[in-house]
1. Give me the residue from the stretch 542-558 that is of a type outside the set (S, T, N, Q), in a helix (DSSP H, G or I) and in contact (Cβ under 8 Å) with a residue 60 or more places away in the chain and, out of that set, surrounded by the most Cβ atoms within 10 Å (Cβ to Cβ).
2. Residue by residue through the stretch 225-250, note down the ones that are part of a strand (DSSP E or B) and either surrounded by fewer than 23 Cβ atoms within 10 Å (Cβ to Cβ) or not assigned by TED's automatic domain parsing to the domain that holds E124 (or both).
3. Consider the stretch 251-271. How many of its residues are part of a helix (DSSP H, G or I) and surrounded by fewer than 12 Cβ atoms within 10 Å (Cβ to Cβ)?
4. Can you tell me which residue in the stretch 212-224 is farthest from the chain's Cα centre (by Cα), limited to those that are part of a loop (DSSP other than H, G, I, E, B) and surrounded by fewer than 20 Cβ atoms within 10 Å (Cβ to Cβ)?
5. How many of the residues making up the stretch 97-111 are out of contact with any Lys or Arg (no Cβ under 8 Å at 6 or more places or on another chain) and outside any loop (DSSP other than H, G, I, E, B)?
6. T194 passes all but one of (1) surrounded by fewer than 23 Cβ atoms within 10 Å (Cβ to Cβ); (2) assigned to a strand (DSSP E or B); (3) not charged (D, E, K, R); which number fails?
7. Which one is nearest to the chain's Cα centre (by Cα), of the residues in the stretch 136-191 that are part of a loop (DSSP other than H, G, I, E, B) and among the polar types (S, T, N, Q)?
8. Need a quick list: strands (runs of 3 or more DSSP E) entirely within the stretch 398-456 having at least 2 residues that are more than 22 Å from G527 (Cβ to Cβ) and outside the structural domain of A522 (by TED's automatic domain parsing).
Amino acid sequence: MRYLLPFLLLVALLAMLVLRGYVNSEIAADHRVRNPVGTDQVPEHILDGGPVIDARSKTEPATSVRIPDHHIVLTFDDGPDPEWTPRVLDKLKEYHAHGVFFVTGTMASRYPELVRRMVDEGHEVGLHTFNHPDLSYQSSSRIDWELSENQLALAGAAGVHSSLFRPPYSSFADAMDDKSWPVAQYIGSRGYLTVVNDTDSEDWKRPGVRTIIKNATPKHGKGAIILMHDSGGDRSQTLAALDRFLPSMQEEGYEFTNLTTALGAPSALTPVSGAALWKGKTFVTAVGFSEDVTGVLVAGLSVVGVLVIGRFGLMLLLSFVHARRVRRRNFRWGDAPVSGRVSVLVPAYNERKCIEATVRSLMASDHPIEIIVIDDGSTDGTADVVEAMRLPGVRVVRQQNAGKPAALNNGIAHARYDIVVMMDGDTVFEPSTVRELVQPFADPKVGAVAGNAKVGNRDSLIGAWQHIEYVMGFNLDRRMYDVLRCMPTIPGAVGAFRRTALDRVGGMSEDTLAEDTDITMALHRDGWDVVYAENARAWTEAPESVQQLWSQRYRWSYGTMQAIWKHRGAVFDRGHSGRFGRVGLPFVSLFMVVAPLLAPLIDVFLVYGLIFGPTGKTVAAWFGVLLVQVICAAYAFRLDKERMTHLISLPLQQILYRQLMYVVLLQSWITALTGGRLRWQKLRRTGVLDAPGAAPGARAAAGADHRRPVG
């Protein structure tokens, strides 16, 4: 069930995009236009007849009629248009004129309020197909579909069906040929009057107001069906022409009327009720919703683009600044290096497979330490393994299962020294890790130090993806936050704290599921500096299955949201706390909560663009974003002295891994908004990491070159 709601949401978003493509003629659209052919099969009386063709009778031959003298039927094609159609309607209303609007289904379903206004103000509405194809290219089933979908849009928009039809790309009656005439016959057999025109204003060419009026003016008092347009481009000349044409023709005795009124026939519009009405309303409502959703998605995609490019640009710039500062500062954090003994806390719950390698890696440390393993009620004999090792300087503290924060607080209570290093029970340190980690404490303003957590088990695809994430995301982020002086998280796998700072903020809190983020934010609010020690490397065992990864990231993301909410008051604080609140909290919120939730839009629109177009621009944009990520990843790998071969899987990571993180974050949002509670979840460990220099297993997992002491 945890995947169902996010999956359904993605499917719903894609469905909305498909519907939008459907009503924007991006699906099933056919833009071919046929050249004229011969007229041998068209009856002479049709070619020489009027612009209204009636082929509805199954027993009688088709007939055509003209508009009576001094009657004008103004017809407007291709709408409704949200900009021009209301202004055309206003102009007709101003001069008490009526006309016929031949609407396409795509436009009618997107702007139903305009179709309703047409009907309410006494105009007639006719069909102009759904997608505006040349029907001479279409099969009878496709023609039926164009008609039925056009009627569906009319029913949903105004609760009516119409018996008037104008073929796209039609002209005068004498332009009927051997390809268009069979279409007119088939349309008639479906119960429609085919309406062409006998007076073309040619307003679509935008020839000027005077020319439009000249083209539209009937000769010698004759009646006319005049072709104009209320959509398809700039219709300002059409509007200006109407402002002059309507009053001048009325002064000459012309009446601007509906088609059926001019012919003395019953109205072409019939009310729709029952299932047909609700089907139409449902369709139009869905179209409107899809348009709104698409607008939100486009806005969200813009936000994602700005956040992604902005974040990566900032990460590159500030990481470069950080690297230069590290390289050129040949200085010590204080008057003298930190050389005193420190306490290393190892909270452990059922870490039997990993704990020996963890402890032995600490025993190889080149900095004096005491080791305290806090067994949090393990049931697999974790504490027994440590005690059986009988190593000097290693103590085991047993407690009933109470969770990691309680275990760490218990360890702090047993620690003898002023600097406390914390790590996970599945992590191994290099010999130099502790020494590198504690040096910043020579500066009395430093309250905590973040180390460089690295993925040890990176041989699998999911491990390689997490390796990329750790190097590019977490560690490049930490360099950026270090320069901005707003480090949001001390990683649980490798971090160090000044005991005085811990005491002042009350130790590790159980208020959130991200105790490492919570304590870091609390230290900022108490005025302490939090810095990054990139050479303090620790190798941790990352989740090896999607299920385990989901469980871990679900806890991380939910806990981070809890911590942000808990410390939201920092935004209004002064001093160091206020700086963190107004810089650190917005960054964490944008980059860890908002951006990952919106990131799948990149891939959703990739699929949309590949199917509906423009394919070239879509692919180029997607690869442009990927290129920025590759550049950032390559630079991060260079800074961390990692081999670039793992970046081969980066494109696949961006497609698949991003969706997993979206599901995780969405589920966290749902949990937070519904007031749910998330319990700690124990990951299954394999014990593949060994102590540095102890066995080849760790070297194979992490790379032997990274196990050498630094400096």
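The values are calculated or read from the model by the stated rules, or taken from the named source; none is laboratory data. Model, not experiment: these values are computed from the prediction. Every residue, glycine among them, receives a Cβ derived from its backbone with ideal geometry; neighbour counts consider all protein chains shown.
1. Y558
2. Passing the criteria: only H229.
3. Residues in the stretch 251-271 being part of a helix (DSSP H, G or I) and surrounded by fewer than 12 Cβ atoms within 10 Å (Cβ to Cβ): 1 in total.
4. H220
5. 10
6. (1)
7. Looking at residues that are part of a loop (DSSP other than H, G, I, E, B) and among the polar types (S, T, N, Q), I get Q138.
8. By residue number, no strands (runs of 3 or more DSSP E) qualify.
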